[in-house]
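One structure is given here, and the rest of the page talks about it.
The values are calculated or read from the model by the stated rules, or taken from the named source; none is laboratory data. What you see is a predicted model; the values in this text were computed from it and never measured. Positions of Cβ are generated from backbone atoms using ideal geometry, with glycine treated the same way; all protein chains shown enter the neighbour counts.
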């Protein structure tokens, strides 16, 4: 891990990967800003540990610029932005309510790009004399983009769209900002998932175990520590059996 404490912004810190990553970085001594849509016990626990919590609903795009200004009022620099906030809807639900598909594209694609640009205006990353990047942007995508998901076409397409923008964004922001993506596969089950479903999902993997959210934090540590990585997509997948 990088030796000096970093200032990090993570979108969506009230549950699962976002909450785990925020806790991990706080424990490591970094200054962490976390966005949230609603207050939860998890959020309050992170605040008690030092999290700077700021409300933001990415569906309210008019709030992005004021949010970026508030970040600039709270901190004097920004080393890392992790676009973690995500929503998930089945295709059958999107068919009944087309607004759900639009919402996924907004949260996964349009709003993160707009937030990245707003932060550059309000708290600019700058070119350094040593040629290294002053800031890093990391998008959380999905390992199933290249495998496909027949019942979640809109969700996968929205994640694929932001992953497809990594190279363009890196070209736009070089040399002061690196842009990478982490694409998780199966990380953890939901509490209500039944045993048969769990066994079936694990049986499809080359490494049949539930890794948990900590592997994302390990990968963020790696990206923070290695200044050379740019335009990369790191897939966190235990491997998938042929034909499954």
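Does residue 169 satisfy the criteria of being in contact with a strand residue (DSSP E or B) (Cβ under 9 Å, 6 or more places away or on another chain) and at pLDDT 95 or above?
yes
When you scan region 1-94 for strands (runs of 3 or more DSSP E) that lie fully inside it, which ones turn up with 1 or more residues that are under 19 Å from residue 218 (Cβ atoms)?
7-11, 31-36, 80-83
Considering only region 77-100, state which residues are over 19 Å from the mean Cα position of the chain (by Cα) and either surrounded by 18 or more Cβ atoms within 10 Å (Cβ to Cβ) or free of Cβ contacts under 8 Å to residues at least 24 places away in the same chain (or both).
The initial filter retains those residues of region 77-100 that are over 19 Å from the mean Cα position of the chain (by Cα), namely 77, 90-100.
Correct list: 93, 94, 95, 96, 97, 98, 99, 100.
Could you list all residues from region 143-166 that are part of a loop (DSSP other than H, G, I, E, B) and at pLDDT below 90?
146, 147, 148, 149, 150, 151, 152
Considering only region 67-76, state which residues are out of contact with any strand residue (DSSP E or B) (no Cβ under 7 Å at 6 or more places or on another chain) and either within 27 Å of residue 180 (Cβ to Cβ) or buried (at least 21 other Cβ atoms within 10 Å of the Cβ) (or both).
Scanning region 67-76 gives 68, 69, 72, 76.
What do you reckon, is residue 37 farther than 19 Å from residue 137 by Cα and either crowded, with 17+ Cβ neighbours inside 10 Å or in contact with a strand residue (DSSP E or B) (Cβ under 9 Å, 6 or more places away or on another chain) (or both)?
Against the criterion (farther than 19 Å from residue 137 by Cα and either crowded, with 17+ Cβ neighbours inside 10 Å or in contact with a strand residue (DSSP E or B) (Cβ under 9 Å, 6 or more places away or on another chain) (or both)), residue 37 qualifies.
Among the residues of region 172-185 satisfying the criterion of being assigned to a loop (DSSP other than H, G, I, E, B) and in contact with a strand residue (DSSP E or B) (Cβ under 7 Å, 6 or more places away or on another chain), which is surrounded by the most Cβ atoms within 10 Å (Cβ to Cβ)?
185
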